[in-house]
1. Please work out how much length the chain gains when fully extended from residue 13 to residue 49, using 0.36 nm per residue of separation minus the C-alpha to C-alpha distance, in nm with one decimal.
2. Give me the percent relative contact order of the stretch 48-113, please, defined on Cα pairs under 8 angstrom at least 6 residues apart.
3. Residue 62 versus residue 106, label points 7 Å from Cα toward the beta carbon: distance in nm?
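We did not get these values from a lab; they are worked out from the coordinates using the rules stated. Since the structure is predicted, the reported quantities are computational estimates derived from the model, not experimental observations. Heads up, the Cβs are rebuilt from the backbone with ideal geometry, glycines too, and the neighbour counts pull from every protein chain shown.
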Amino acid sequence: MPRRFDTWFFAAVLPPGQTAALAAPAELQDRAEHEGRTDHREADSATWLRPAAALESARAGQIRLLPPTAVTLGELAEDDSVTGILAQRRVLTLRLPKVMTDGKQAWLAMPHQL
């Protein structure tokens, strides 16, 4: 595909006493419905998993991960804590997958998998 997609991922520590939510607050959902929008979520399902657990679930076929998400989770899984992740100075790297074929199947291979 000649088009490129820019994807950004963010990591942060929640303030003490806060928890992450999977759904938009009711007032945002109400506003979307009032404006005639029925799709007020980016994903059709969501869950909270540690990076390594998400990768293992994908390998087991329990969830599907898009390549940018899988690569980013692989990088995050190298650290044991959010503190370790945030302490690193990350360098943005352009990654272009390559289409691989074996005559019967085709798949995308990220540069580190080649």
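1. On the way: separation 36, 0.36 × 36 = 12.96 nm, distance 1.50 nm.
That works out to 11.5 nm of additional length.
2. Numbers: 40 pairs, mean separation 14.3, N = 66.
Over the stretch 48-113, the number comes to 22 percent.
3. 3.2 nm
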